[in-house]
Amino acid sequence: MNNSQAAAISVPYLRRRSVRLALYSVLAAMLLGMLFWRFAPLVKYDAKFEQAISHKRVVVGMSREQVLASWGSPYSIDVTYTDAGVRREVWVFEDWISSATVKHRYLYFEENNLVGGWY
């Protein structure tokens, strides 16, 4: 066995250059993903929201004002707070199809942003 083979065998796995570069690139990709996930809601696609408002639709991520512009005011609003102090709202819309049939639509907001709904 020559010196280069002995040096290659004696280096621990995590200290090898190729392994370190792979680990650092994975960690960097995770950091960039976390930063994107954190700041992605701040970049709102207003064109998409404006198009949804013009078609009288709602899209997750809309603010309360945008939903009001799209669907109008709800029949009722239920407000609750979580243990962490997050404000949650449930908006209930009523659509009277006939005098005996009423269709309900529910929208769920957290801290002024639409997070889901049931139509």
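The values are calculated or read from the model by the stated rules, or taken from the named source; none is laboratory data. Note that the structure is predicted; figures quoted are calculated from it, not measured. Using ideal geometry, Cβ is built from the backbone for each residue, glycine included, and neighbour counts are taken over all protein chains shown. Quick note on the areas: whole protein, heavy atoms, side chains included, nothing else; ligands and nucleic acids left out. Shrake-Rupley method; radii C 1.70, N 1.55, O 1.52, S 1.80 Å.
Okay, helix-only estimate at 222 nm for the chain: each DSSP H run of n ≥ 4 adds -39500 (n - 2.57), divide by all residues, round to 500 deg cm²/dmol; what do you get?
Mean residue ellipticity, 222 nm, calculated: -12500 deg cm²/dmol.
So what are the ³J(HN,Hα) numbers for region 65-82, from phi and the Karplus equation (6.51, -1.76, 1.60; θ = phi - 60°), rounded to whole Hz, Gly and Pro as x?
Taking θ as phi minus 60°, the curve returns 5, 5, 5, 4, 5, 7, 10, x, 7, x, 6, 8, 10, 10, 10, 9, 10, 7 Hz for region 65-82.
Against the longest alpha carbon principal axis of the chain, how many degrees, from 0 to 90 and to the nearest 10, is the axis of helix 17-39 turned?
On a 0 to 90 degree scale, this one is about 20.
Between residue 34 and residue 94, take the C-beta separation as r, use R0 = 41 Å, and let me know the FRET efficiency to the nearest 0.05.
For R0 = 41 Å, the calculated efficiency reads 0.50.
Rolling a 1.4 Å sphere over the protein heavy atoms, what is the accessible area per residue of the chain, to the nearest Å²?
Averaged over the residues of the chain, the accessible area is 77 Å².
Averaged across orientations, what area in nm² does the convex hull of the alpha carbons in region 50-119 project?
Taking a quarter of the hull surface, the average projection is 5.1 nm².
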